[in-house]
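Notes for the one structure printed next.
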Amino acid sequence: MGTRHLVAVFKDGHYHVAQYGQWDGYPEGCGLMILRLLHRLQEEKRELELQAALYRCHFADTEELADLDEEFHAQMKRLDAACQAASPSENAKTCSESYAAKGSLTHMSRDTSYQILDVLLARTGEEDEEAAL
């Protein structure tokens with residue numbers, strides 16, 4: 001169900017994350033999934049990883065947003081071309097796999113929602129540079 005919401009992380013007097021979500025924004029949906037994620041991190045003793053990832057985040061400025069928008073449109077154009085080039089029997093599979101992946105711009109999708117925390121954790125070991133959200 002389309003229940004719009006905002007997943008925000010406020011720590012030490014600052015917002016570190018503000019992620020829009022389109023689906024299941026009620027407490028029994030998104031709220032429960034956030035609780036499960038935090039519980040899992042606690043069990044795995046990975047809370048500090050999430051904290052470190054939060055401190056590397058910053059909100060994208062106008063120039064970064066323009067670059068992300070350009071990258072998104074280029075990526076979607078490539079995905080559309082791949083879908084159109086596929087034979088009819090391969091088309092559905094190719095398109096669904098391509099759109100499901102969405103590449104490096106997952107954090108810009110309305111479908112990401114609470115999973116932005118998983119995106120941040122996945123970037124923890126990859127790079128020391130800040131992540132623009």
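Rule-based calculations on the coordinates, nothing more; no lab input. What you see is a predicted model, and the numbers here were worked out from it, not measured in a lab. In this analysis, Cβ positions are derived from the backbone assuming ideal geometry, glycine residues included, and neighbour counts consider all displayed protein chains.
For residue 17, the amide hydrogen comes within under 5 Å of the amide hydrogens of 9, counting only partners 5 or more places away or on other chains and with H modelled in the peptide plane.
Sort the following peptides by mean Cβ neighbour count (other Cβ atoms within 10 Å, averaged over residues), highest first: 22-29, 63-70, 49-56. Numbers along the way, then the final one.
Details: 22-29: 13.9, 63-70: 12.2, 49-56: 15.8.
With the highest mean Cβ count within 10 Å placed first, the list reads 49-56, 22-29, 63-70.
Is the shape of the range 1-57 best called rounded, prolate or oblate, per the rule: a/c under 1.5 gives rounded, else a/b larger than b/c gives prolate, else oblate, with a ≥ b ≥ c the square roots of the Cα gyration tensor eigenvalues? Judged from the Cα gyration tensor, the range 1-57 comes out oblate (a/c at least 1.5, b/c at or above a/b).
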